[in-house]
Structures are given as structure tokens and as C-alpha cells.
There are 2 protein chains.
Amino acid sequence: MCQSATLPNATPSETASPTPHTCGCSGHGHTGPAMPAPGENVRWVDAATDMELPAVPFPSRRILEIAGEATLRRVVRQHHRLLRASEIGHLFAPDEATFNTLVERIADYVVEACGGAEAFSQAHGKQCMRTRHFPFSIDESARETWLACLWQALYDTGFPLTVWEEYWQWMEAFSVRMINRRTTKAQPVRISYAEAKTRFDLTTVTAAIGVPPSLLTSA
Amino acid sequence: MCQSATLPNATPSETASPTPHTCGCSGHGHTGPAMPAPGENVRWVDAATDMELPAVPFPSRRILEIAGEATLRRVVRQHHRLLRASEIGHLFAPDEATFNTLVERIADYVVEACGGAEAFSQAHGKQCMRTRHFPFSIDESARETWLACLWQALYDTGFPLTVWEEYWQWMEAFSVRMINRRTTKAQPVRISYAEAKTRFDLTTVTAAIGVPPSLLTSA
């Protein structure tokens with residue numbers, strides 16, 4: 001937060017004329033209800049935004065047509081099997097039956113988002129996924145673990161290479177919106193398909209997410 | 001998240017021509033590294049931003065000159081006495097000595113921000129307060145409790161009415177930046193000085209933050 005700007009003897013209608021400084025900020029405009037009284041040497045810190053939520057490319061029907069519903073469901077199941085054993089396993093229900101019900105519900109969502117049966121929205125309505133995740137504290141690091149487990153699950157289930165990239169592009173952007181606990185001012189890391197190919201492999205994923213090797217490639 | 005937009009047979013260089021729908025979104029542009037292959041019926045969900053951080057009017061020297069350093073320190077102490085007994089008391093160290101050290105450090109920060117001695121930055125550097133608060137999970141509701149306790153502390157310490165509004169404008173905007181745990185898509189509530197006067201009084205604050213009456217007006 002730059003605290004270098006001054007409004008010498010400014011009135012509420014006057015525009016800031018900031019003192020030159022080196023904080024790297026882009027200007028010293030201000031918005032909102034707070035408005036100091038005239039004649040005060042108030043230092044305005046710029047308005048800003050917290051997290052940028054990228055546009056999300058929801059999948060075409062190609063993924064469902066090429067991978068098939070059964071494979072999509074296997075990916076979700078293996079993904080959550082890995083998640084449960086990972087550093088963010090505490091975010092999921094410890095009870096087996098509750099966990100399995102959740103996983104099948106997520107599989108319903110994925111199948112529907114890919115153009116399949118509308119089982120998820122018919123049962124649970126249209127509320128968005130960001131809102132559904134608000135009860136759970138999800139930080140930037142949790143998202144990266146989630147993505148590492150997804151890459152591994154795609155590998156484990158033999159996901160068709162022809163639609164791997166489209167699936168990844170959806171999930172990678174989508175996952176940013178699930179972050180609701182910020183631990184840094186930096187924007188969430190974007191991991192393109194090309195970057196993921198070098199970032200994630202069996203060895204690094206296993207080490208990064210702490211999943212026991214016995215759980216890998218067993219879907 | 002609007003999922004109504006389609007890009008029929010779009011190539012990456014083509015512009016979306018969204019199907020008419022009623023989600024209320026402003027358009028269907030997209031940014032970022034995700035970019036589906038040509039010829040796919042991808043539904044783009046708009047880019048967006050999460051929380052808006054308002055401009056913050058850091059105080060002039062009027063507050064320090066009129067209220068005086070001793071009163072500023074008393075406000076901080078009473079504020080934290082109330083916070084510790086409130087619904088967000090768990091955010092503070094249970095140990096008395098650790099808690100008191102923290103409170104005096106915060107008092108140093110407030111005095112310095114008001115133009116007083118630079119004890120805080122000399123001891124702790126210039127790292128911004130948003131960053132300093134990242135280790136602690138602070139949601140929208142916690143901020144409102146924090147503000148209610150502040151209003152009460154200003155009352156309890158007999159804060160000078162002539163600078164009450166300026167102090168409030170600073171803290172109200174400043175406190176938005178401490179939120180790092182989002183539990184809703186709505187922007188944080190802004191509480192102007194005029195609104196605070198009707199929103200907070202002894203009765204409502206006591207009820208809202210769960211502070212025992214014995215802690216009130218005892219500074």
C-alpha cells in the first residue's frame with residue numbers, strides 16, 4: 001500500500017496531485033463513502049482489487065464424446081482419492097459414505113458441465129461453485145495441490161490426449177474461483193497446459209502433494 | 001457465474017457473440033492463458049474481480065494534535081480489550097504478556113500513522129498491514145465486529161468529536177484490506193460515519209459483538 005500521496009489542503013471536489021514518489025502505484029484516485037473534511041493533509045492510498053478471476057472456458061461436447069462419461073467419472077473418483085490422501089485431505093469428509101456421496105455429486109457436475117445429463121442441477125440447483133465452496137477455507141496453495149492431483153488423476157485414468165488440454169484449460173481457470181482464503185497479495189499462479197506438462201510428472205506430483213505411491217496409477 | 005455464452009465454431013481470434021440470456025453479466029470477453037482449440041463450442045464465463053479494496057484516507061496530523069498520543073493509545077487498548085472478549089477473540093494471543101505486547105505495537109502503528117514517532121516502522125519495517133494479517137483468517141463478519149468494537153472504544157475513551165469522523169473514515173476503509181477470507185460474493189459492507197452513528201450504540205454493540213457489559217465504558 002503506497003502511503004506517499006498527499007492531498008495538501010484538498011477539498012472533497014479537488015483532484016489529488018500526488019507528490020512524486022517511487023512506490024510504483026499508478027495514481028491516487030479515490031472512491032467510496034470515506035471523504036475527509038476539507039483542509040486536511042490526508043494521505044490517500046489507492047483503491048485496488050484483490051484477486052482477479054480469469055475467464056473460464058467451459059468445455060465443449062468434444063470431451064464427453066471422446067472421453068465418455070465413464071472415464072469422466074473415473075477421473076473424478078481418482079482425483080478425489082488422491083485429494084483425500086493429500087495435504088488438503090482435511091477439506092473432505094472423513095466418513096466414507098459421505099465422501100463417496102460427495103464424489104458422485106461432483107462427477108454429476110462434471111458430466112453435466114461437459115454436456116451430459118443434468119442430474120446435478122436437477123438435484124442441487126444452479127448455485128455457482130464459488131458460492132458452494134465458501135464454507136471451506138481454500139487458499140492458493142490448496143488450489144495448486146488440487147491441480148497437481150487432477151493432473152495425476154488424468155494420467156492414472158488414461159485420459160484421452162486429444163481432449164486433455166481442453167479439460168485442463170477449463171479446470172485450471174475454474175479452480176482460481178474456488179480460492180477464498182488469500183495468503184499473499186500476488187495473483188494466483190496460472191498453469192497453462194504447456195507449463196503443466198513440465199511442472200507435473202509422477203515423481204514431482206507424488207512429492208508435492210504427499211500422496212503415498214501406492215495410490216498412484218491404481219484407478 | 002454465467003454459463004450462457006457460447007462461441008459457436010470460434011477460433012481464438014474471433015470475438016464472442018453471446019446468445020441472449022438473463023444472467024446480468026456485462027459481456028463475454030476473456031483473458032489469460034487458457035485458450036481452447038479452434039472449432040469448439042466452448043462456453044466462456046466472464047473474467048471478474050473478487051474483492052474491491054477501497055482507497056484509504058490515512059489521517060492528517062489533526063487527530064494527533066487534537067486527541068493526543070495518550071488518547072490514541074487508550075483507544076487501541078480499549079479496542080483490543082473489547083476484541084479479545086468478542087466473537088473474534090480467538091484471533092488474538094491467549095497469553096496476557098503476548099497480547100499486551102501486540103496491543104502496544106498496534107498503538108505504535110496508530111500513533112505513527114497519525115504523524116507521531118516512527119517507533120513502529122523502525123522496529124518492524126514497512127511491510128503493509130494487509131500482508132501482516134495474512135496469517136490470520138479474517139472474514140467479512142470479523143471486520144464488522146472489529147468496527148463495532150472500535151466505535152465502542154472511541155465512545156469509551158471519550159474520543160474528541162472533532163476528529164472522530166476522520167479517524168473512522170481511515171479505519172473503516174483500512175479494515176476492508178484486512179479481509180482475507182471471503183464467505184460471499186458480495187462486496188464488504190461500507191459503513192460511513194453517518195451510518196455508523198445509527199448502526200452502533202451501546203446496546204447494539206454489546207449485543208452484536210457479545211462483549212460482557214462489565215467491559216464497557218471502563219477504559
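Beyond 25 Å in Cα-Cα separation lie the following of the pairs B:126/B:197; A:185/B:126; A:185/B:185: B:126/B:197.
In this simple spin-label model, placing a label point 7 Å from the Cα along the Cα-to-Cβ direction at both residue B:161 and residue B:178 gives a separation of 2.7 nm. For residue A:45, the amide hydrogen comes within under 5 Å of the amide hydrogens of B:56, B:58, counting only partners 5 or more places away or on other chains and with H modelled in the peptide plane. How far is the Cα center of segment B:131-207 from the Cα center of segment B:77-111, in Å? The two parts, judged by their Cα centres, are 15 Å apart.
In nanometres and ascending order, the distances from the residue B:119 label point to those of the other copies are 6.5 (point 7 Å from Cα along Cα→Cβ). The 1.4 Å probe gives accessible areas that order B:167, B:193, largest first, as B:193, B:167. Distances between copies of residue B:195, taken at a point 7 Å out from Cα along the Cα→Cβ vector and listed shortest first: 3.7 nm. Under 17 Å from a label point 7 Å along Cα→Cβ of residue B:192: give me every residue in segment B:38-69 with its amide N that close. Within reach of a label on residue B:192: B:54-57.
Between residue A:131 and residue A:112, the contour length at 0.36 nm per residue exceeds the Cα-Cα span by 5.0 nm. What separates the residue A:135 label point from its copies, with the point 7 Å along Cα to Cβ, is 3.0 nm, written shortest first.
The values are calculated or read from the model by the stated rules, or taken from the named source; none is laboratory data. For clarity, every value in this text was computed on a predicted model and none was experimentally measured. Backbone-built Cβ (ideal geometry, glycine too); neighbour counts: all protein chains shown. The protein model used for the area step is the full one, side chains on, heavy atoms only, and it has no ligands, DNA or RNA in it. Shrake-Rupley method; radii C 1.70, N 1.55, O 1.52, S 1.80 Å.
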